[in-house]
1. Which of the residues belonging to the stretch 33-45 are at pLDDT 95 or above and either farther than 14 Å from Lys5 by Cα or not polar (S, T, N, Q) (or both)?
2. Go through the stretch 187-207 and report how many residues are touching a residue at least 40 places away in the same chain (Cβ under 8 Å) and farther than 11 Å from Tyr131 by Cα.
3. Taking Gly155 as meeting all but one of (1) over 23 Å from Thr70 (Cα atoms); (2) modelled with pLDDT of 95 or more; (3) among the small types (Gly, Ala, Ser), write down the number of the exception.
4. What about Ile168, is it more than 16 Å from the ligand (Cβ to nearest atom), in a strand (DSSP E or B) and within 20 Å of Arg201 (Cα to Cα)?
5. If Val78 meets every condition in (1) exposed (fewer than 12 other Cβ atoms within 10 Å of the Cβ); (2) modelled with pLDDT under 95; (3) over 30 Å from Tyr182 (Cβ atoms) apart from one, which number is that one?
6. Among the listed residues Ile168, Ile120, identify the single one that is among the aliphatic types (A, V, I, L, M) and either more than 22 Å from the chain's Cα centre (by Cα) or at positive phi (or both).
7. Return the residue satisfying two criteria in turn: it lies in the stretch 82-104 and is under 21 Å from Thr178 (Cα atoms) and under 14 Å from the mean Cα position of the chain (by Cα), and of such residues it is farthest from the ligand (Cβ to nearest atom).
Amino acid sequence: MRIDKFICKSTELTRSEAKKVLKSGEVRVNGEVVKNPATQVHENNTIDIDGQVLTARTSRYIVVHKPLDTICSNVDEVYPSILHYVEVDRAFDLHIAGRLDADTTGLVIVTDDGRWSHNIISPKKDCEKTYRVWLRNPIKQEYIATFEQGIQLQGEDGLTKPAVLNIIDEQEVLLTITEGKYHQVKRMFAAIGNKVVGLHRERIGCVELGDLPLGEWRYLTEEEVEFFK
Ligand code: URA
């Protein structure tokens with residue numbers, strides 16, 4: 001990790017304050033003064049500011065039940081960021097591992113461990129996400145095979161990866177996908193001439209929303225954290 005980031009993780013300093021401290025020559029890595037904020041350091045290096053040895057805070061792994069009209073962003077826009085719901089220190093240092101649209105509710109994972117969240121976000125990792133979808137028009141059983149074979153999304157080159165469609169009733173389905181293309185679920189149903197009128201994410205990998213109330217959060221269990229390593 002970059003040394004300026006390590007300083008932020010182990011002190012109350014902001015990134016720009018960390019850069020100032022570095023510039024002043026007060027920071028040492030294994031006894032050597034380091035001034036460049038981009039210098040890479042490892043947890044087993046001894047890093048001190050003016051003789052005070054730093055220890056990085058442990059990473060945080062959190063699940064939030066996202067309400068409607070909130071956004072998966074670190075800055076507020078038309079709607080507030082879901083990070084306002086996460087009542088932990090420095091909540092805005094966390095990042096979102098797989099965004100949901102403002103009009104989508106459900107499970108969102110937030111963390112400050114970028115290497116770990118890569119295993120959720122990267123399309124190469126095939127991490128399963130299950131959505132409950134409410135549709136404007138009735139859906140036919142034959143679409144189970146269509147979703148399994150892959151859907152041609154407008155503006156995309158290939159087909160979507162195989163998806164599992166589970167029909168609950170004519171206008172309510174569960175859909176499991178392993179990708180996270182822009183507006184993917186809405187575009188998949190648009191491609192078959194239907195329209196998503198309600199969308200809710202229930203699961204990412206082994207993490208289920210369960211009965212976590214809307215707008216509430218909890219830490220992931222050790223087993224849940226391990227699952228994505
Ligand atoms: N697919 C969508 O279309 N929207 C979401 O919020 C998530 C998946």
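The values are calculated or read from the model by the stated rules, or taken from the named source; none is laboratory data. This structure is a prediction, so every number in the text was calculated from the model and none was measured. Note: ideal-geometry Cβ built from the backbone for every residue, glycine included; neighbour counts use all protein chains shown.
1. Val33, Val34, Lys35, Pro37, Ala38 - these are the residues of the stretch 33-45 that are at pLDDT 95 or above and either farther than 14 Å from Lys5 by Cα or not polar (S, T, N, Q) (or both).
2. To start, the set of residues in the stretch 187-207 that are touching a residue at least 40 places away in the same chain (Cβ under 8 Å) comprises 188-189, 191-205, 207.
Next, from what is left, pick out any that are farther than 11 Å from Tyr131 by Cα: 188-189, 191-197, 205, 207.
The total comes to 11.
3. Evaluating Gly155 over (1) over 23 Å from Thr70 (Cα atoms); (2) modelled with pLDDT of 95 or more; (3) among the small types (Gly, Ala, Ser) leaves (2) as the failure.
4. yes
5. (3)
6. The match here is Ile168.
7. His95
Table: residues versus (1) surrounded by 18 or more Cβ atoms within 10 Å (Cβ to Cβ); (2) within 15 Å of Cys127 (Cβ to Cβ); (3) more than 14 Å from the ligand (Cβ to nearest atom); (4) not polar (S, T, N, Q).
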residue: Asp157; (1), (2), (3), (4): no, no, yes, yes
residue: Val164; (1), (2), (3), (4): no, yes, yes, yes
residue: Thr178; (1), (2), (3), (4): no, yes, no, no
residue: Lys181; (1), (2), (3), (4): no, yes, no, yes
residue: Gln184; (1), (2), (3), (4): yes, yes, no, no
residue: Ala191; (1), (2), (3), (4): no, no, no, yes
residue: Val196; (1), (2), (3), (4): yes, no, no, yes
